[in-house]
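The values are calculated or read from the model by the stated rules, or taken from the named source; none is laboratory data. All figures in this text were calculated on a predicted structure; none of them were measured in a lab. Glycine also receives a Cβ, built like all others from the backbone with ideal geometry; neighbour counts cover every protein chain displayed. With ligands, DNA and RNA removed, areas are computed over all heavy atoms of the protein, side chains included. Shrake-Rupley method; radii C 1.70, N 1.55, O 1.52, S 1.80 Å.
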Amino acid sequence: MSAKFVYGKEVATTIRSQIVSELATLKELTGGDVPGLGVVLVGEDPASRAYVVGKQKRGKVFGYHSVVRHVPADTKQKDVLHLIEELNEDDSIHGILVQLPLPDQIDEKAVIDAINHKKDVDGFHPRNVGNLVSGKDSFIPCTPNACMKILEHIHYDLKGKHVVVVGRSNIVGKPISLLMLRQHATVTVCHSNTPDLAAVCREGDVVVVAVGEPGLITGDMIKKNAVVIDVGVTRVGEKLVGDVDVESVKEVASYITPVPGGVGPMTITMLMLNTLQAFKRKHGLK
Ligand code: GUN
């Protein structure tokens, strides 16, 4: 048996056309207003710069208003907080994203807390995290949302299934566990202190891996016909590699999201969707 590969580009295409058609209606309803996204980038990390350029490009394609505040790596925390305050007060900006990671002199939590939660299109602000935990309307973080859309795309019903999440980050592991619970799955979260990772993974009908350790998950750790979602991305030389050893896992799994090409290409589309949501809320539209 060889698993089917699920490519995010294909899943994103459908969502992008939904955004385009909704935008046309919204422009009329709002008298020509367009969604605005403000991005703060601190420093020169090549991966972060590439993500920000990608976000800007995609925003342009949709006709979003886009602002990037790019400041040097040694910028003081108070100056970053000032930039956020400006974006909070700017009526043409509906969504704000501060590209992570931030340099050591800047407290990530303080920065996230400073973003107006109504503009927090990353879904990282404590208000949005709390809303997600309690099942209220919130911005859903982009990568976990992309994973859920991939499962929707393959018509996977999570009800009663066992989902094993490997990794407990605030960006992926924790929110995805909550989203899976919302869909009535049984969820196990593993991390670096889990004694027998292989045994737990073998219980999973769905295994989501977000660690950043190439080759961590091998075929002998996967149940027959499981769905394997690889969120890990590590640069090895010129190549981007995931956490899943595809050669062995594809022999047992039913579906795999490859790296590159799986979840990654969807995350920017999810950000555009959240920015559209922020824009609609600002205009009192559902
Ligand atoms: N860096 C890596 N992933 C993300 C993300 O989803 N949001 C932000 N703001 N920074 C990131």
| Rounded to 5, percent antiparallel among DSSP beta bridges of segment 187-286 | 25
| Surface share of carbon and sulfur [accessible, 1.4 angstrom probe, percent] for segment 128-168 | 49
| request: Normalising by the residue count of segment 106-165, find the relative contact order in percent from Cα pairs under 8 Å and 6+ residues apart. | output: 21
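Under Stokes-Einstein, with the Kirkwood radius over Cα pairs standing in for Rh, what whole-number D in µm²/s applies to segment 1-102 at 10 °C and 1.306 mPa s?
On the way: Rh = 15.6 Å.
This corresponds to a translational diffusion coefficient of 101 µm²/s.
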| said: I need the phi-derived Karplus couplings for segment 29-43: 6.51 cos²θ - 1.76 cosθ + 1.60, θ = phi - 60°, integer Hz, Gly and Pro marked x. | reply: 5, 9, x, x, 5, 10, x, x, 10, x, 10, 10, 10, 10, x
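Hey, what did the chain get for relative contact order, percent, Cα under 8 Å, at least 6 apart? Spell out each step's value before the answer.
Working: 539 pairs, mean separation 63.7, N = 286.
Over the chain, the number comes to 22 percent.
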| query | Can you list the residues, at least 5 places off or on another chain, whose amide H is less than 5 Å from the amide H of Ser169, using H built in the peptide plane? | reply | Lys174
| request: With a bin width of 10 angstrom, please list the P(r) values of segment 30-158 as percents of all Cα-Cα pairs, from the 0 bin to the one holding the largest distance. | output: 12, 38, 36, 13, 2
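Could you tell me which of rounded, prolate or oblate describes segment 58-109, using a ≥ b ≥ c as the square roots of the eigenvalues of the alpha-carbon gyration tensor, with rounded for a/c under 1.5 and, failing that, prolate when a/b is larger than b/c and oblate otherwise? If you can, show how the numbers build up before the last one.
Working: a/c = 2.54, a/b = 1.74, b/c = 1.46.
Taking the square roots of the gyration eigenvalues as a ≥ b ≥ c, segment 58-109 is prolate.
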| Residue-wise HN-Hα coupling along segment 72-82, computed from phi with Karplus coefficients 6.51, -1.76, 1.60 (Hz; x: Gly, Pro) | x, 4, 8, 4, 6, 4, 4, 6, 5, 5, 5
| task | Using the Karplus curve 6.51 cos²θ - 1.76 cosθ + 1.60 with θ = phi - 60°, work out ³J(HN,Hα) for each residue of segment 170-176 in order, rounded to whole Hz, and write x for Gly and Pro. | result | 5, 7, 10, x, 5, x, 5
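At a threshold of 8 angstrom on Cα-Cα distance, excluding pairs fewer than six apart, so keeping six or more, what relative contact order does segment 1-114 reach in percent? Let's see the in-between values first.
Details: 114 pairs, mean separation 34.7, N = 114.
30 percent.
Are there GluC sites (Glu not before Pro) in segment 4-86 that DSSP marks as loop and that have at most 16 other Cβ atoms within 10 Å, and which are they? Don't skip to the answer; put the middle values down first.
On the way: sites: Glu10, Glu22, Glu28, Glu44, Glu85, Glu86; in loops: Glu44.
The qualifying sites are Glu44.
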| request: Excluding Ala50 itself, calculate the net charge of residues whose Cβ lies under 15 Å from the Cβ of Ala50, where each Lys or Arg counts +1 and each Asp or Glu counts -1. | output: +3
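Within segment 1-109, which trypsin sites (Lys or Arg not before Pro) sit in a loop by DSSP and count at most 14 neighbouring Cβ atoms inside 10 Å? Don't skip to the end; give the middle numbers.
Values: sites: Lys4, Lys9, Arg16, Lys27, Arg49, Lys55, Lys57, Arg58, Lys60, Arg69, Lys76, Lys78, Lys109; in loops: Lys76.
Taking segment 1-109 and a limit of 14 other Cβ atoms within 10 Å, the loop trypsin sites (Lys or Arg not before Pro) found are Lys76.
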| Those residues of segment 254-279 whose amide nitrogen sits under 19 Å from the label point placed on Val20, 7 Å along Cα→Cβ | 265-277
| query | In segment 178-268, what GluC sites (Glu not before Pro) fall in a loop by DSSP, with at most 16 other Cβ atoms inside 10 Å? | reply | Glu203, Glu238, Glu251
| remark: So, with points 7 Å from each Cα along the Cβ direction, the Glu213-Met1 label distance in nm works out to 2.6
| message | For the pair His184/Asp104, report the inter-label distance in nm, with labels modelled 7 Å from Cα in the Cβ direction. | response | 5.0
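Need one number: the % of Cα-Cα pairs in the chain sitting beyond the 37 Å mark.
On the way: 5675 of 40755 pairs.
Here the long-distance tail beyond 37 Å is 14 percent of all Cα pairs in the chain.
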| said: Over 11 Å apart: what share of the alpha carbon pairs of segment 17-66 falls there, rounded to a whole percent? | reply: 71
| message | Quick check: the distance between the Cα centres of segment 22-58 and segment 174-242, to the nearest angstrom? | response | 30
| Residues with amide H under 5 Å of Val68's amide H, sequence separation 5 or more or different chain, H placed in the peptide plane at 1.01 Å from N; which? | Val39
| Spacing of the two label points (7 Å from each Cα toward its C-beta) at Lys60 and Asp137, in nm | 3.3
